Amino acid sequence: MNASNNSVTEEKTLRSGYDLPVYGLANGQLLYIHIPALICITTSFICVVVVIGLSFRRQSYKTFFRWTRSERFVVYLALCDGGFNISHFTDHIHIVIVRDHVYPKELCEFYGFNLAVFITAQNLMVNVVAINAFVLIYFNKQIPFGKKDYRLLLWTFGAPIVFSAIAGILGQLGPNGTFCYFDGVKGTMANLFFTTVPLVLIVVLNSILYILTWIRIHKETKRLHLGDSSQLLAANFTAARNMSLFVVAFFIQWWAMSMFGVWAYINPDSVPQLVFHLVTTFSNIGGILNLIVYIIIRRRLILRKKMKKKKAATEMSTLASSKSFSL
């Protein structure tokens, strides 16, 4: 979020984000921005801990990389949310306490680096999920993630670390008036091409893949018969439906940030206060959304197991009846 829409005297030359006023300090809106954000972040982090705890408790008899992809995605995204929550909580609470930008400069850059890594990692992770669900439904294949998901992790975490480090070396990280991310003066172009453009493209691409995936699922399930020959197809549909939930959660979390980024680029002085509140609310509830996804996936798994048991019991009853009849 770039807070350059604050009123800054034209006579003053802006050399870095530290020359920007702290957003909301002059008009008394500071706490109205940071307190809701801190509440959302804290709640989100609690949900992250719950999701990770429940995931490993339920799968204690399996090694992690023997879990289903949907179950592993839940943990990966929870880790992204957890890292994001910790980094974002520290800079928000810092600004609330001191009523000023985060000092020293290196600390603010550290906060910004962590945010850039975890936000980008989550964006890339969910994009891979959307592509994998699409490929699974249309081509009946899984994207190869490599042994222990090394390809997936190298892409979703390695790339953000490298690019965030480069941004830090080039002095692009710093305060933007609201929190520490890309510098509100020196890092505007980096913020545009590192956050706004990729986020908008990923939101649009994920939405398209989600719609196409669900159209195919809707058509195929109408003529899907759960016989021996269709078990694999049914399993693929279940996996794709579960993965699509992550795409929905991603859209709910980042739609406001996407809208803000485009709006601020076109006319930064016209961004209304409401948009700031939407961004600080929705972008900080990732852990809550991930917990909801986890619960839905667990309920579907339990329901599927019950249906299998019921089907098996029915088949056994039918077989017993036929044997009794033949005797």
Of all residues making up the stretch 180-192, the number that are among the aliphatic types (A, V, I, L, M), surrounded by 14 or more Cβ atoms within 10 Å (Cβ to Cβ) and either part of a helix (DSSP H, G or I) or in contact with a Cys (Cβ under 7 Å, 6 or more places away or on another chain) (or both): 2
Determine if the stretch 152-173 includes at least one residue that is at pLDDT 95 or above and touching a Cys at 6+ places or on another chain (Cβ under 8 Å). yes
Which residues, taken from the stretch 86-112, are surrounded by fewer than 24 Cβ atoms within 10 Å (Cβ to Cβ) and either more than 21 Å from residue 23 (Cβ to Cβ) or within 15 Å of the chain's Cα centre (by Cα) (or both)? 86, 106
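Being among the aromatic types (Phe, Trp, Tyr) and over 18 Å from residue 84 (Cβ atoms): is that true of residue 139 here?
Here the answer is yes, as residue 139 does meet what is asked.
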Only one of 141, 105 that is basic (Lys, Arg), out of contact with any Leu (no Cβ under 9 Å at 6 or more places or on another chain) and without any contact (Cβ under 8 Å) to a residue 12 or more places away in the chain: 141
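The values are calculated or read from the model by the stated rules, or taken from the named source; none is laboratory data. Note that the structure is predicted; figures quoted are calculated from it, not measured. Methodologically, a virtual Cβ is constructed for each residue, glycine included, from the backbone with ideal geometry; neighbour enumeration extends over all protein chains shown.
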